[in-house]
Amino acid sequence: MNLRYETEHLVLSIGNEALADKINEYLIRNRADFSKWDLSLNDSYFTMDYQLRAVQAEQRLFLREEGARYYLFLKGEPDYIIGNVSFGQMGNKGERIWEIGYKTDFRERGKGYAFEAASFLIPVISREYKIKRLFAEILPENRPSLALIEKLGFKFFEVRRNAHEVGGCNRDLLLYSLDM
């Protein structure tokens, strides 16, 4: 598994301590927008201390082959993160079932970057980790995410009732799967 890949428009890089400030800038810049879809995060999440610990935890998962989060940069813009695509193990390691997640900077949406990164990484991750199935969990009103996951070939699997807290309310999630 490589720490860095390039696609037509993007550089995809596993996070490290040297990127923690860029990761924090990206998260702060998108805080209000991401909060529509994510768990409520307190102010400590948006600090360098937290992001340094988070990127170290991501590195440990990568080294144990239990997950991978790639940060997306436009080629020629190495100081500006425009998104991330992450993969994480679900359940027991022997089951080879993982989950995909992704985020795109609000200024860069609709340009195909999440599709470019995910469509490149899915076969790489699948091959390297011998994944049998990928899942994606999406809020029903997140139409752009639903369109992306379907474009990637995922199929609707089930509704997970009250599975995700957003804004203090439990919300249903749509679960999509992709068999490898």
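Here are some notes:
- Residue match in region 165-172 (condition: within 26 Å of Arg64 (Cβ to Cβ) and more than 14 Å from the chain's Cα centre (by Cα)): no
- Criterion applied to Asp79, Asp21, Asp49, Asp33 was being assigned to a loop (DSSP other than H, G, I, E, B), more than 19 Å from Leu134 (Cα to Cα) and either of a type outside the set (A, V, I, L, M) or touching a residue at least 24 places away in the same chain (Cβ under 8 Å) (or both), and the one residue passing it is Asp79.
- The sole residue among Ser44, Ser13 that is out of contact with any His (no Cβ under 9 Å at 6 or more places or on another chain) and over 26 Å from Lys75 (Cα atoms) is Ser44.
- Screening region 162-178 for residues that are modelled with pLDDT under 95 and touching a strand residue (DSSP E or B) at 6+ places or on another chain (Cβ under 8 Å) and picking the one that is surrounded by the most Cβ atoms within 10 Å (Cβ to Cβ) gives Leu173.
- Counting only residues that are within 15 Å of Arg4 (Cβ to Cβ) and surrounded by 18 or more Cβ atoms within 10 Å (Cβ to Cβ), region 60-88 holds 10 of them.
- 3 or more residues free of Cβ contacts under 8 Å to residues at least 40 places away in the same chain: qualifying strands (runs of 3 or more DSSP E) within region 83-180: 97-104, 155-166, 169-179
- Screening Gly91 with (1) at pLDDT below 95; (2) of a type outside the set (Val, Ile, Thr); (3) surrounded by 12 or more Cβ atoms within 10 Å (Cβ to Cβ) gives one miss only, at (3).
- Test: residue in region 106-118 that is modelled with pLDDT of 95 or more, more than 22 Å from Leu175 (Cβ to Cβ) and surrounded by 19 or more Cβ atoms within 10 Å (Cβ to Cβ): yes
- The residue that is nearest to Ser35 (Cα to Cα), among those in region 133-161 that are surrounded by fewer than 12 Cβ atoms within 10 Å (Cβ to Cβ) and basic (Lys, Arg), is Arg143.
- The residues on offer are Glu65, Glu25, and the sole one that is in contact with a strand residue (DSSP E or B) (Cβ under 9 Å, 6 or more places away or on another chain), modelled with pLDDT of 95 or more, over 27 Å from Arg171 (Cα atoms) and charged (D, E, K, R) is Glu25.
The values are calculated or read from the model by the stated rules, or taken from the named source; none is laboratory data. Keep in mind the model is a prediction, meaning the values are calculated, not measured. Heads up, the Cβs are rebuilt from the backbone with ideal geometry, glycines too, and the neighbour counts pull from every protein chain shown.
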